[in-house]
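Report on one structure; see the data block that follows.
Read the figures in this text as sums done on the coordinates, not as results from a lab. As the structure is a computational prediction, the values presented were derived from the model and not from experiment. When we count neighbours, we look across all protein chains shown, and the Cβ atoms used for this are built from the backbone with ideal geometry, even at glycine.
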Amino acid sequence: MTITDKDFSDAVSTKHIGASQPAYFSLHDIHAYYGESYIVQGVSFDIHEGEILALLGRNGAGKTSTLRSIARIGVPLVTHGEIWLDHQPLHNMASYEAATCGVALVPEDRRIIQGLTVEENLQLAQIAPPIGWSIQRIYELFPRLGERRTQEGTTLSGGEQQMLAIGRALARDIKLLLLDEPYEGLAPVVVQEIERTLAEIKSHGITTIIVEQNAVAALKLADRALILDSGQIVFDGTAAEVLENDALREEYLAI
């Protein structure tokens, strides 16, 4: 099955086929493909403002594809469904339009811009004038970035690059933070530092979705958990329910 641009346009042209009063963030019946591979198969969920959702599952379950669908970034090609953030429809938008509406994806590879200092990476993302997250406020959240503001961003340690990637997202005064494997490749002590920072971000009411193979670390921070398997939701409940259910973790998370 080959999905064309016309298929995409036709599929998303209908007006809000989901709930008449969408939640702060709402994903309704999303289907997405990589080429002919059917990756996301009818995923739907809502998130309350300020909530942290852990999106979990084995490799290939469709987690990153779901994040990229929300951020409207490249592949996968979404062929059906609706995405709403703060009563704004994202499903017909290009990635830069979704970003303008407050969506920020921090990808697994962090995408620090080579040749720019820490501060220049932040300045590039900073809206003018800043509404909530000035660069100085980001330095207060990440003191280490302030200490290294003149250092080229790509020369930072892995943990510091993750801080910079998150700080760069915050500099745009976002509404929805999407984190793809934020703990990947980090030492346990650095993971703990990132956890503390994300807890601080949560206290400021930023709605967050975390995709993370380190499920236990993600669940410690999350309010809710969704588990994907073969592109479909097989569990939707509290983070505590997953942590307390050995059979569920073993079957779908291999932990």
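Partner aspartates and glutamates whose Cα lies under 13 Å from the Cα of Lys202, excluding those fewer than 8 positions away in the same chain, are identified as Glu49, Glu51, Asp223. Backbone geometry of region 56-72 corresponds, through the Karplus equation with coefficients 6.51, -1.76 and 1.60 at θ = phi - 60°, to 3J(HN,Hα) couplings of 10, x, 5, 4, x, 6, x, 5, 5, 4, 5, 4, 5, 5, 5, 7, 6 Hz, x marking Gly and Pro. The 3J(HN,Hα) values that the Karplus relation (6.51, -1.76, 1.60; θ = phi - 60°) gives for region 128-140 are, in residue order, 10, x, x, 8, x, 10, 6, 4, 4, 5, 5, 5, 5 Hz. Gly and Pro appear as x.
Between the residues Val216, Leu141, Pro182, the greatest Cα displacement towards the positive end of the dipole of region 119-247, with unit charges on the Cβ of Lys, Arg, Asp and Glu, is found for Leu141. Among Ala128, Ala99, Ala217, the residue with the largest mean-square fluctuation in a Gaussian network model of the chain, with springs joining Cα atoms closer than 10 Å, is Ala128. Shape verdict for region 199-255, please, from the Cα gyration tensor: rounded (a/c under 1.5), prolate (a/b greater than b/c) or oblate. Prolate shape, in that a/c is at least 1.5 and a/b is the bigger ratio.
Taken about its Cα centre, region 101-255 carries a charge dipole of about 700 debye when Lys and Arg each add +1 at the Cβ and Asp and Glu each add -1 at the Cβ. Here Rg and Dmax of the Cα atoms in Å was computed from the coordinates, and among (1) 19.3, 62; (2) 18.8, 58; (3) 18.0, 52 the match is (3).
Phi angles of region 235-250 translate, via the Karplus equation with coefficients 6.51, -1.76, 1.60 and θ = phi - 60°, into HN-Hα couplings of 8, 9, x, 7, 4, 4, 4, 5, 4, 8, 10, 4, 5, 5, 5, 5 Hz per residue; Gly and Pro are given as x.
Taking the 0 to 90 degree range and rounding to the nearest ten, how far is the long axis of helix 188-203 tilted relative to the main principal axis of the chain, both from C-alpha atoms? Between helix and principal axis, roughly 70 degrees.
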